[in-house]
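Here's the structure, in C-alpha cells; my notes come after.
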Amino acid sequence: MSTSSTDRLRSAAEIANYDAETDVLIAGLGCAGASAALEASDAGAAVMVAECTSGGGGTSANSGGLIYMGGGTPVQRACGFEDSAEEMFKFLMAASQPGPCEEKIALFCEHSVAHFHWLEEQGVAFKRTFWEEPGMEPPTDDCLVYSGGENCHPYDEIAHPAPRAHKPQARRAAGGFFMTKMLEAVRRRPLSILEDTRVTALVAAPDGSIEGAVVRCGSTETSIRARKGVVLATGGFILDDDMVRRYAPTLTRCNTKNATVGDDGSGIRLGMAAGGRVVRMETGEVALPTTIPNRLGRGIFVNRQGQRFINEDTYYGHIGLAALLHQDGCAWLLLDNEIFERNFVGMEPAFVEESIAELEAAAGFPAGALQATVEVYNRHARDGRDPLFHKRREMVHELAHPPFALLDSRVGSAIYATFTLGGLDTTPDGRVLDNDGAPIPGLFAAGRAAALFCGHGYPGSGISLADGSYFGRAAGRRVAAD
C-alpha cells in the first residue's frame with residue numbers, strides 16, 4: 001500500500017532531535033548512488049548511504065554492463081576507431097529525438113574520456129578489444145561494441161560512425177562485475193552504509209529546503225539530518241503498476257521488465273512530495289531482440305499491412321520503439337531459408353510456407369500486400385540496394401530461397417523488454433527542480449530516479465549506466481560543495 005505525499009514529507013518541526021547526522025545522505029546504492037557516494041566522499045563530505053537491499057548493486061548489477069562512452073577513449077583508439085566529442089554529440093542528439101536535454105548531452109560528451117579514466121581508477125577494467133557483432137554485450141571479455149545503430153541509417157549520415165559501448169572485462173553480462181568493482185570502491189571510502197534500510201520520508205525546513213530524511217529498517221524508524229543534502233538514487237518506476245498506468249500506459253503492453261526491487265518509483269514520489277517536478281514520464285526503453293544476432297537483420301520487418309517500416313539492421317531498441325509506438329505493437333520478421341537461424345531467445349517460426357503468396361495467406365495479410373513488399377525489396381536487393389530504408393549493403397539480401405518463415409514479433413508474442421526513462425527534473429549537477437524551475441535546496445537526484453538526458457528516443461545499450469554513473473558523480477560533487 002503506497003503512502004500519501006504527506007507521509008513522504010515531514011516537517012522539521014516534527015523532529016525534536018535527529019537520531020543521526022551526516023553531510024550527505026544518499027538513497028540507493030546502484031550505479032548512480034555508488035558514483036555519487038564516491039565523489040561526495042572524495043570531496044571531503046561525511047557520507048551515509050541507505051540501501052533497501054542487503055548488498056546494493058540495484059538493476060545495474062543485473063544489466064549487460066555496457067557503458068556508453070566515446071570521444072576517443074583509450075579502447076576506441078587502441079581498436080583503430082576515430083571519434084570526437086562533437087561526433088558523439090551529433091549522434092546522441094539525433095538518436096534521442098524528440099526532446100533531448102542538449103545541455104546534459106553536451107557535458108556528457110565533453111567529459112566522456114575523463115569519465116572512462118575515472119571508472120578505471122575505481123577498479124573497473126576494460127579490455128582494449130572490439131567485438132564485431134553489434135547490439136548485445138559480447139559473450140567474451142571483449143569490450144567495444146556498436147550498440148545504437150551508429151553505423152546504420154540515418155545516423156551514419158549524421159555523425160561519423162564509431163562504436164561507443166564499453167563492456168567491463170568480464171565474460172558475458174558484466175553488470176554484476178561492474179557493480180562489484182564499484183561497491184568495492186565505495187567500501188574503501190570512510191562512509192557509512194545502512195543496508196536493508198529504505199528512505200520513507202524527506203524532512204523539510206520551514207523554507208522548503210530539505211534538511212534530512214526518515215529511514216526505516218524493519219520496524220525501526222530513524223531520523224537523519226543531512227547537513228548538505230539528500231541524493232535520491234533509488235531507480236525508476238517500472239515496478240509500480242499505478243505509476244506506469246498513469247504516466248506511461250503504453251509500457252504496460254511490454255511483457256518483460258528490466259528491474260529489481262528498487263525500481264518501484266519510491267524516490268521519484270519522495271521528490272514529488274518535496275515539490276520536485278517530473279519530466280518525460282511517458283518515455284521508456286523498448287527492446288525487441290528478434291534480430292539478435294544482428295545478421296538476422298538481412299530479413300525484413302513488416303507491419304500488419306505487410307509493409308516494411310524500418311531498416312532492420314539498426315539497434316533492436318529502435319525497432320522495439322518503432323513497433324510499439326508507431327505500428328501498434330504489430331511486427332513480423334520475414335526470413336528465407338538461406339538466412340534463417342534461431343535467434344538468441346530461440347523463437348520458432350509462426351508460419352513457414354514455400355511461397356510468399358502462401359505465407360501471406362496463412363498469416364492473414366491483405367491480399368497481395370506482402371507479395372508487393374517482397375517484390376519491391378528483392379528488385380533492389382539484387383543490386384545490393386535498399387532505397388526505401390537504406391539498410392547497409394552487406395545486410396541487403398534477396399529473399400528468394402524457399403521455404404519462407406515469419407517470426408511473430410508482435411507485442412504479447414515476442415519479448416518486449418522495458419524500463420522507464422522519466423523522472424525528477426534535474427540540473428546537470430543533480431539539483432532537483434520545482435514546478436517553477438528553481439532548485440530545491442538540499443535535494444538532488446541521479447540515475448533513473450531522475451529523467452534520462454534523452455528524449456523519446458533511447459540511443460542505445462549502455463546509455464542508462466553511463467548517465468547514472470556520470471550524473472551521479474556530478475550530483476555527489478555538487479551536494480558535497482553545498
Packing rank of 462-472, 226-236, 172-182, where each peptide gets the mean count of other beta carbons within 10 Å, highest leading: 226-236, 462-472, 172-182
First obtain the Kirkwood hydrodynamic radius of the stretch 67-173 from its Cα pairs, then insert it into the Stokes-Einstein equation at 37 °C and 0.692 mPa s, and state the resulting D in µm² per second as a whole number. 237
Provide Rg and Dmax in Å for the stretch 289-408, with only Cα atoms included in the calculation. 12.8, 32
Please work out how much length the chain gains when fully extended from E341 to A13, using 0.36 nm per residue of separation minus the C-alpha to C-alpha distance, in nm with one decimal. 111.5 nm
Can you pull the one-decimal nm distance between simple spin-label points at H401 and S355, each 7 Å off the Cα toward Cβ? 2.2
Where the centre of each part is set by its Cα atoms, how far does the stretch 386-426 sit from the stretch 274-333, in angstrom? 6
Distance from the stretch 162-176 to the stretch 68-136 (C-alpha centre basis), Å: 13
Net charge of neighbours whose Cβ lies under 15 Å from the Cβ of N303, counting Lys and Arg as +1 and Asp and Glu as -1: -1
Given 4 °C and 1.567 mPa s, how large is the Stokes-Einstein diffusion coefficient of the chain in µm²/s, with Rh as the Kirkwood radius over Cα pairs? 56
Restricting the count to DSSP beta bridges whose residues both fall in the chain, what percent are antiparallel, rounded to a multiple of 5? 60
Classify the stretch 330-401 from the C-alpha gyration tensor, please: rounded if a/c falls under 1.5, else prolate or oblate depending on whether a/b exceeds b/c. oblate
Computed [θ] at 222 nm, helices only, for the chain once each DSSP H run of length n ≥ 4 contributes -39500 (n - 2.57): -7500 deg cm²/dmol
For labels at A20 and R189 in the simple 7 Å Cα→Cβ model, what's the distance in nm? 1.6
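Each reported figure results from applying straightforward, stated rules to the coordinates on display, with no laboratory input. Predicted model, so just to flag it, every value in this text is computed and none were measured. So basically every Cβ, Gly included, is an ideal-geometry build from the backbone, and we count neighbours across all protein chains shown.
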